[in-house]
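Encoded as C-alpha cells, the structure appears first; notes follow it.
No lab work stands behind these numbers, since they all come straight from the coordinates. Keep in mind that what you see is a predicted model, and the values were worked out from it rather than measured. Virtual Cβ from ideal backbone geometry, glycine too; neighbours counted across all protein chains shown.
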Amino acid sequence: MKKDLYLKIKTAVFAVLLLLPAPPDRGAALAGQENRAESPQRIISLGPINTENIYLLGAQDRLIADTIYCNSPPAAREKEKIGTLIQVNIEKIVSLKPDLVLATALTRPRQVARLEALGIRVIRFIQPDSFQEICSQFLKLGRLLDREEKARRIVERARSEVDAVRRQTENLTKKRVFLQVGARPLHASIDSSFTHDFIRFGGGENIAAGASSGIYSREKVIREDPEVIIIAIMGSQTKAGRQEKKAWQRYKSLQAVKNNSIYLVDADLVCSPSPLDFVKALKEITSLIHRQ
C-alpha cells in the first residue's frame, strides 16, 4: 500500500512537472551557492529524486530528514519527515538545524525565501529536460556532497551504456512511438522532458515531439498513428495499466493495435531521473520499440 501511494504521487508529480515552463537559464537554479560552504553534514531533502540521488552517492548518513513521499530506497522511509513535496514545515526544518536544504521545482518560492531569510542554505534542483541534464545535475550534487569522484564514475558508466544503446539502434528503422506518462488527463512524453530521450536514443520517433504541453489527446494520437504505444502511468503494472491498455486496443485502426505493440512499463523507473535508472528504463523501452 505504501509503495502504491509513493508511485501514485511520484507519477502525478511528474505529470505536473511536464506542464511547468522551463526557466530562462536552467543552470541558474544551481548556480551561486554551489561552492559557498564546506561539504554539508546535515541535509534535508524536499523531494524523492534528491533523496534517491543522495543514497546513490552513498551520503545517506548525512540526510537528516525528507518528505513523506521519499520512500525509495526503503531506508529513506525511516528518516525524519518534514512535510510534503509542496508544503513543508518551516519550523521543524529550522529546529533540525540543517546546513543544506535541497529543494525541487515544486518547492514553493515563498518557503525557499523564508528559509534563506533564516540563514539556511537552500539549493533548488529543477526537473531535468534531458539525459545530459540528468547527468549534469547529478555531478553538481556530487560536488555539493564532496562525492564528486563517485558521481563522475556513475555518470561515466551511464553515458557509456547509453552510447552503446545508441550505436545498436542507429541503423535500425525508426518506429513512431507514443510514450504515455499520465492518464487523467492524458499526458505524453514531449521533447522538453528527459523521457523524450528514451525514444530518441532507443531508435524511435516521438509522435509528441514539438508539442508545447504534456497534455495530449487520444484524437492526436490516433491522427499520428503510432506503431508502438508505451504506457508508463501510475499503477501501470496493475489494474489501472491494464485498463488503459484496453482503452487503446479499442482503436482497431491504430498500427500499434494491429502490431500488438502496446506495452506497460514501470512508471516508477521511467519517471526517476537518476543516471542509472535512466539507463535501465532506456534499455527496456528500446527492447519494446524494436520487439518483433
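Could you state the principal axis extents of the C-alpha atoms in the stretch 180-242, from the largest down, to the nearest angstrom?
Projected onto the principal axes, the Cα atoms of the stretch 180-242 cover 30, 24, 21 Å.
From Cα coordinates alone, what are the radius of gyration and Dmax values for the stretch 153-211 in angstrom?
Rg then Dmax for the stretch 153-211, in Å: 13.0, 39.
Can you compute the helix-only [θ] at 222 nm over the chain? Use -39500 (n - 2.57) per DSSP H run of at least 4 residues, normalise by all residues, nearest 500 deg cm²/dmol. Numbers along the way, then the final one.
Values: 12 runs with 124 residues, N = 292.
When only DSSP H runs of four or more count, the value is -12500 deg cm²/dmol.
How many angstrom lie between the Cα centre of the stretch 59-134 and the Cα centre of the stretch 167-240?
One Cα centre to the other: 30 Å.
Treating the stretch 99-152 as a set of equal point scatterers at the Cα positions, no solvent, please give the Debye-formula log₁₀ I(q)/I(0) at q = 0.20, 0.21, 0.26 Å⁻¹.
Summing over Cα pairs of the stretch 99-152 leads to -0.77, -0.82, -1.00.
Loop only by DSSP, 16 or fewer other Cβ within 10 Å of the Cβ. Give me the chymotrypsin sites (Phe, Trp or Tyr not before Pro) in the stretch 199-283 that pass, ordered by residue number. Before the final figure, lay out the partial values.
Numbers: sites: Phe201, Tyr216, Trp248, Tyr251, Tyr263, Phe278; in loops: Tyr216, Tyr251.
Of the chymotrypsin sites (Phe, Trp or Tyr not before Pro), the ones in loops of the stretch 199-283 whose Cβ has at most 16 other Cβ atoms within 10 Å are Tyr251.
Over all alpha-carbon pairs in the chain, figure out the percentage whose distance exceeds 36 Å. Before the final figure, lay out the partial values.
Values: 7473 of 42486 pairs.
Here the tail beyond 36 Å accounts for 18 percent of pairs.
Dipole of the stretch 176-228, Cα-centred, from +1 at each Lys and Arg C-beta and -1 at each Asp and Glu C-beta, to the nearest 20 debye?
On the way: 6 positive and 7 negative charges, 39 e Å.
The calculation lands at about 180 debye.
With both partners inside the chain, how many of the DSSP beta bridges are antiparallel, as a percent to the nearest 5? Present the calculation step by step, with values, prior to reporting the outcome.
Values: 4 of 25 bridges.
Counting DSSP beta bridges with both partners in the chain, the antiparallel share is about 15 percent.
Report the charge-dipole magnitude of the stretch 115-234 in Debye, nearest 20, computed about the Cα centre from +1 at each Lys and Arg Cβ and -1 at each Asp and Glu Cβ.
On the way: 20 positive and 17 negative charges, 45 e Å.
Roughly 220 debye, rounded to the nearest 20.
P(r) for the stretch 210-254: what percent of alpha-carbon pairs falls in each 10 Å bin, starting at zero?
That works out to 22, 54, 23, 0, in percent per bin.
Which of Ile285, Ile120, Tyr263 sits closest to the plus end of the dipole of the chain, meaning its Cα is farthest towards the positive end, when Lys and Arg get +1 and Asp and Glu get -1 on the C-beta?
In the chain, that residue is Tyr263.
Order of 91-104, 187-200 by packing, highest average Cβ count within 10 Å first?
Peptide ranking by packing, descending: 187-200, 91-104.
Report the normalised scattering of the stretch 131-269 as log10 I(q)/I(0) at q = 0.12, 0.13, 0.17, 0.19 Å⁻¹, calculated by the Debye formula with identical scatterers on the alpha carbons.
Values, matching the q order: -0.55, -0.63, -0.96, -1.11.
Students often get this wrong, so check it: of Lys246/Lys280; Lys174/Lys239; Lys220/Lys252; Lys79/Lys280; Lys97/Lys140; Lys220/Lys245, which have C-alpha atoms separated by over 19 Å? Kindly include the intermediate steps, with their values, before the conclusion.
Working: Lys246/Lys280 26 Å; Lys174/Lys239 31 Å; Lys220/Lys252 15 Å; Lys79/Lys280 27 Å; Lys97/Lys140 23 Å; Lys220/Lys245 17 Å.
In this structure, Lys246/Lys280; Lys174/Lys239; Lys79/Lys280; Lys97/Lys140 lie more than 19 Å apart at Cα.
Could you give the angle, 0 to 90 degrees to the nearest 10, between helix 131-144's Cα long axis and the longest principal axis of the Cα atoms of the chain?
Relative to the chain, helix 131-144 is tipped by roughly 10 degrees.
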